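Comments concern the structure below.
The values are calculated or read from the model by the stated rules, or taken from the named source; none is laboratory data. This is a predicted model, so every value here is computed, not measured. Reconstructed Cβ throughout: ideal geometry from the backbone, glycine too, with neighbour counts over all protein chains shown. These area figures cover heavy atoms from the full protein model, side chains too; ligands, DNA and RNA do not enter into them. Shrake-Rupley method; radii C 1.70, N 1.55, O 1.52, S 1.80 Å.
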Amino acid sequence: MRRRSLLLAAVPAGLVTLAGCGDKSSSSSKASASPSASASSVPPPKIVDGPLPAITAGTKFGEKPTVAKGSGDPSKDLAVKTVIAGSGKTVAENDFIQANYLGQIWSTGKVFDQSYDRTPLLMQLAQGSIIDGWRYALAGKKAGSRVLMAVPPTWGYGSSGNAQAGIKGTDTLVFVVDVLNSFNSKSSSTGKPVAQSDAALPKVGTNTDGKAPSIDVPKAAPPKKLVSAYVLEGDGPEVKASQTVLCQFKGVVWDGGKTFEQTYDSGRLAQFAIEQMQEVVKGLAQGLTGKKVGSRVLVVVPPDLAYGNNPPSGGVVKKGSTLVFSADILAAM
């Protein structure tokens, strides 16, 4: 079973609300989250250069670091240092980032969590989604950067600490974060075009400017079985059924081609567990499983793998509707 990051322990992943689909102004929405101790209303920190402990081993980007114990008293402000400056996209508030990290307690040097021995963390830099120290320390940094920070309790877990991790309410936390990538509402597939030669299937646009691709549905009967095909083929790892994915997507009904939901122009991305999507639109979950990260995928979902005779009320999806999706798989965790 994949271990869940302590950083996100109080916050569920965002879930695209396909069950509440309406017209084309509809958008994905985040599942409600109980704010963690770090999500309280506290003033922004003053950011200072130190003090910060040294990284004594694993000093290259992507290597699992070893960090010395803190020396003396830590700053009461947020101490941040860019150890390695990257040249990728600049991270902004509310962006999603993919990162490896190691966290330890200043006073003892005890490591309480790290991702280098498992899958990189995929998270949103948004209030209530991550500890505030990360929000402020990583905003403005570029993908490819290694950032070292010391986070006082005010912008960490507060006076309650985190008993699961052995963190007291007085502990300053030291993190090394390798920012691998960042994503926002303008992100698109990075794959290469694949020929769309089957005239019986919808044709999907190949633009990668963050705008919604066109979906041209043929004036013919829809396929009776699930279809999943590359429009743009990425070079990332294949999505597993146990993973959570981050996507841009657009969904239309086969009859008439009307959009019933999309992330484009909503200012959001869709983040959902494949296992959860099995309970919403089973065909979409099956259609994304096994496809490569970085790809744009056409998924045609027959009624028995969509809503069947129980469509959401008030929308363009009717009883027996076949659904057509274009999904850009931006990342998976």
So, over other residues within a Cβ distance under 10 Å of Y230, counting Lys, Arg +1 and Asp, Glu -1, the net charge is +3
Over the stretch 271-331, what relative contact order in percent results from Cα pairs under 8 Å that are six or more residues apart? 34 percent
Return a whole-number percent for the relative contact order of the chain, with Cα pairs under 8 Å and 6 or more residues apart as the contact set. 19 percent
Quick one: work out Rg over Rh on the C-alpha atoms of the stretch 68-136, Rh as Kirkwood radius. 0.97
Let me check the size of the stretch 104-185 from its C-alpha atoms; what are the radius of gyration and Dmax in Å? 12.9, 40
On the accessible surface of the chain, probed at 1.4 Å, how many percent belong to carbon and sulfur atoms? 49 percent
Amide H proximity to K110 below 5 Å, modelled H, separation 5+ or other chain, gives I105
HN-Hα J in Hz across the stretch 142-152 - Karplus 6.51, -1.76, 1.60, θ = phi - 60°, x for Gly and Pro: 9, 4, x, 8, 10, 10, 10, 9, 10, 10, x
State whether the stretch 174-331 is rounded, prolate or oblate according to the following rule on the C-alpha gyration tensor (a ≥ b ≥ c being the square roots of its eigenvalues): a/c under 1.5 gives rounded; otherwise a/b larger than b/c gives prolate, and the remaining case gives oblate. prolate
Can you check what the net charge comes to around V300, using other residues whose Cβ is under 11 Å from the Cβ of V300 (Lys, Arg +1; Asp, Glu -1)? +1
Per-residue SASA entry for I215, accessible area with 1.4 Å probe, Å² rounded to 10: 20 Å²
Just to be sure I understand: of the beta bridges DSSP finds with both ends in the chain, what percent are antiparallel, rounded to 5? 95 percent
Just in the stretch 75-183: which trypsin sites (Lys or Arg not before Pro) are loop by DSSP and have at most 15 other Cβ atoms within 10 Å? K76, K110, R118, K168
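Against the globular-protein guess of 2.2 N^0.38 Å, express the Cα radius of gyration of the chain as a ratio, rounded to two decimals.
1.09
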Among residues other than D328 whose Cβ falls under 15 Å from its Cβ, what is the net charge (Lys/Arg +1, Asp/Glu -1)? +3
